[in-house]
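Engineer: Mind having a look at this structure? Questions to follow.
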There are 2 protein chains.
Amino acid sequence: MADIKPIGKALFLREEELRRGIELMFFAYRDFTGEADSILAEQNMGRAHHRAIYFIGRNPGITVSELLAILKITKQSLSRVLSALVETEYVVQKTGPDDRRQRLLYLTDRGIALESRLTEVQARRFAKAYRDAGMNAVEGFQRVLEGLLDPETQRQVSALGHARKARQNG
Amino acid sequence: MADIKPIGKALFLREEELRRGIELMFFAYRDFTGEADSILAEQNMGRAHHRAIYFIGRNPGITVSELLAILKITKQSLSRVLSALVETEYVVQKTGPDDRRQRLLYLTDRGIALESRLTEVQARRFAKAYRDAGMNAVEGFQRVLEGLLDPETQRQVSALGHARKARQNG
DNA sequence: GATTATTGGTCAACATGGCTGACATAAAAC
DNA sequence: GTTTTATGTCAGCCATGTTGACCAATAATC
């Protein structure tokens, strides 16, 4: 910031470019979530249910506290959503074998089906965007998004990736 | 979709990559909005106020219906936010000179100050992400985000850009 | 000039999904 | 045996989205 000389046009272009990023982020996120929201509304669910379903599907057997760490919401908020998902049989809870206080979370078949449906519409959108932009652009896209993350989130995200790789290989 | 043969690993990698996009989008948007949310909370405002302030600042003299078209929320929702912003003197409304039904929206000095502060924290985050990723990545980032937009939004976004360019030149 | 359409607002009611605070229980850890 | 941890639950609050009904001022049209 301090090292860029505000020589008229140069600074202007920079701010324009940054604002373009801010705006695209808003519009893209809204449209990106819109389709899934519609499907969820049919089942009387919202985005919060989606997030729980998504990350449980992605990390079968995840504990409540691990899920809380990913979502960064209060346990009361999560509990409300989780209770509903168990009630409607999208999710089951199993007592942890090592630590019996834990509730390990799994999707039911019903849950898996919904997760697939939701992920598919979002993946389709991404597939289209990736195809249009080209694989070169995709790498840039991911790099910028990673750069937008809080350092803590950045660590989490890469940790999640590693955990999954380990699960595949082990 | 149909033209890609699911030869084991290839399909797996593709789905992994798409899921990575989905997840990064969630985390990045959350962290991206987090800082501004904190500032807004100090002033007893929320994200909805921010969006109104942002787009009014970006398009001084915008009408209510134009703003509605950008935000895609109901006029009742916007009206609530707008009333609060006028009440707290972040925004002023002027009767349209051509069509007297219109209320043209402008930021007050107070509003401009808040907008700057909010945009600055977000711009700073983007500046860091852009710097880390490199200017090549930035172009890819923008291209992918554009590809994620609904076609209608895509038209809107480019129309907004054009309108601003015209305002500068004319 | 009368009718219709547009712009904007208002009131009421409701849902979702965040939040805080207080409290409870089971089990693990020390 | 005490303390800490993992989880859940109840109650209430707030922000922000939604519908639906209705109204006023003004512009546009027949």
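Engineer: In units of 2.2 N^0.38 Å, what is the alpha-carbon radius of gyration of region A:45-133? Display every interim value, and only then the final one.
Structural biologist: Working: Rg = 14.2 Å, N = 89, 2.2 N^0.38 = 12.1 Å.
So the Cα radius of gyration is 1.17 times the expected 2.2 N^0.38 Å.
Engineer: What FRET efficiency, computed as 1/(1 + (r/R0)^6) with R0 = 51 Å and r the Cβ-Cβ distance, is obtained for A:SER65 and B:ALA159, rounded to the nearest 0.05?
Structural biologist: In this case the efficiency is close to 0.65.
Engineer: Related question: Which one, A:LEU104, A:LEU114, A:THR153, projects farthest toward the positive side of the charge dipole computed for chain A from Cβ point charges (K/R +1, D/E -1)?
Structural biologist: A:LEU104
Engineer: Could you order A:ASP99, A:ASP31 by accessible surface area, starting with the largest, using a probe radius of 1.4 Å?
Structural biologist: The residues order as A:ASP99, A:ASP31, largest area first.
Engineer: For chain B, take the alpha-carbon Rg, divide it by the Kirkwood Rh, and send me Rg/Rh.
Structural biologist: Using only Cα positions, Rg/Rh for chain B is 1.05.
Engineer: State to the nearest 20 debye the size of the charge dipole of the protein assembly as shown about its Cα centre, where the only charges are +1 on K and R beta carbons and -1 on D and E beta carbons.
Structural biologist: Details: 54 positive and 44 negative charges, 15 e Å.
Approximately 80 debye in magnitude.
Engineer: How large is the accessible surface of B:TYR106 in square angstrom, using a 1.4 angstrom probe and rounding to the nearest 10?
Structural biologist: Spelled out: B:TYR106, probe radius 1.4 Å, area about 70 Å².
Engineer: Same structure again: Tell me which B residue has its C-beta closest to the axis rotating B onto A, and the distance in Å?
Structural biologist: Closest Cβ on chain B to the axis mapping it onto A, in Å: B:GLY140, 1.
Engineer: For A:TYR106 and B:ASP98, what is the calculated FRET efficiency with R₀ set at 56 Å and r taken between the beta-carbons, to the nearest 0.05?
Structural biologist: For R0 = 56 Å, the calculated efficiency reads 0.35.
Engineer: Roll a 1.4 Å probe over the protein heavy atoms and report the accessible area of B:HIS162 in Å², nearest 10.
Structural biologist: Roughly 120 Å² of B:HIS162 is accessible to a 1.4 Å probe.
Engineer: Gap in Å between the Cα centre of region A:45-110 and the Cα centre of region B:54-100?
Structural biologist: The distance from the Cα centre of region B:54-100 to that of region A:45-110 comes to 40 Å.
Engineer: A:THR88: accessible area at probe 1.4 Å, nearest 10 Å²?
Structural biologist: Taking all protein chains as shown, A:THR88 has close to 60 Å².
The values are calculated or read from the model by the stated rules, or taken from the named source; none is laboratory data. Keep in mind the model is a prediction, meaning the values are calculated, not measured. Cβ coordinates were reconstructed from backbone atoms using ideal geometry, including for glycine residues, and neighbour counts include every protein chain displayed. The area values use the complete protein model at the heavy-atom level, side chains included, leaving out ligands, DNA and RNA. Shrake-Rupley method; radii C 1.70, N 1.55, O 1.52, S 1.80 Å.
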